[in-house]
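Participant: Below is a structure I'd like to ask you about.
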Amino acid sequence: MSAHYAFGPHEDDAIIKHRLLTRITTTRGEPPLKKLQKKFMSFATEVEKDADNTSDCERLYKAFLQEINTFELPLLKSKAVVDANLREKESFNELQVEIQRQILQAQTDIEDLKKQLEQSKIERQHKEECEAIRKLISSQPPRSETEKLIANLEKEIANLEAESAACTRTLELRKKQFALLLHVVEELQISIEDEQRNIADELRAATEEPKLSIEEGSGGASDAMAVD
């Protein structure tokens, strides 16, 4: 629900300005400046008269002075208010400068705190990584056992290498022996084949020798018969 006012903002400013110029504190009554003007005009008019009116002039003069005092009092009050407002404005300006300085300092502190927060996050991450590594290390066996296990493995590797070398030498020896055996078998086979050929030749010769003897015997008999 919107509020309704008797005067708008511009009208209020005009009324306040008029009151300050005329020293009117309310909207009713005669303006103080107009009152002072009337008192002065009454006094001046009475002074310009040629009649013996000294008492009236003195009375009007006192009334005019009283009105001046009455008019001066709000001026003094206004001056005091203006001075107070100037002091308050200066204090406000100083306060505004201080607030601005505090804002800048707060922004700087916030940036520093952001950097510290990032650094704290990094340090915390490093601590967590170190803790994870520590747990991993603590879960592993002691170094002495690891060194002992490594020594045993090195011994096993040395034994396996020695066995491998021995197997290699044995294999080479077996290769040489097998090659020699093949050579002996080849020579034996050649010798057997030669012996078989010799036996065949001997058998063939033995078979042919009786035939020659018979032929020679038959040939001699015919010759004897021819001689006879």
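The values are calculated or read from the model by the stated rules, or taken from the named source; none is laboratory data. Everything numeric in this text was worked out from a predicted model, so none of it was measured. Protein only, heavy atoms only, side chains kept; ligands, DNA and RNA dropped before computing areas. Shrake-Rupley method; radii C 1.70, N 1.55, O 1.52, S 1.80 Å.
Participant: So if I average 1/r over every pair of distinct C-alpha atoms in region 53-191 and take the inverse, what Kirkwood radius in Å does that give? Don't jump to the answer; show the numbers that get you there.
Facilitator: Values: mean 1/r = 0.0355 Å⁻¹.
Hydrodynamic radius (Kirkwood, Cα only) of region 53-191 equals 28.2 Å.
Participant: I would also like to ask the following. Express in Å², to the nearest 10, the accessible area of LEU149 obtained by rolling a 1.4 Å probe over the protein heavy atoms while all chains stay in place.
Facilitator: Approximately 100 Å² for this residue.
Participant: Additional query: Kindly sort ASP201, ASP52 by accessible area of their heavy atoms, largest first, with the probe set to 1.4 Å. List each step's numbers first, then the result.
Facilitator: On the way: ASP201 75, ASP52 145 Å².
Solvent-accessible surface, decreasing: ASP52, ASP201.
Participant: Given a 1.4 Å probe and the protein chains all in place, what does the accessible area of LYS148 round to, in Å² to the nearest 10?
Facilitator: Using a 1.4 Å probe on the heavy atoms, I get roughly 140 Å².
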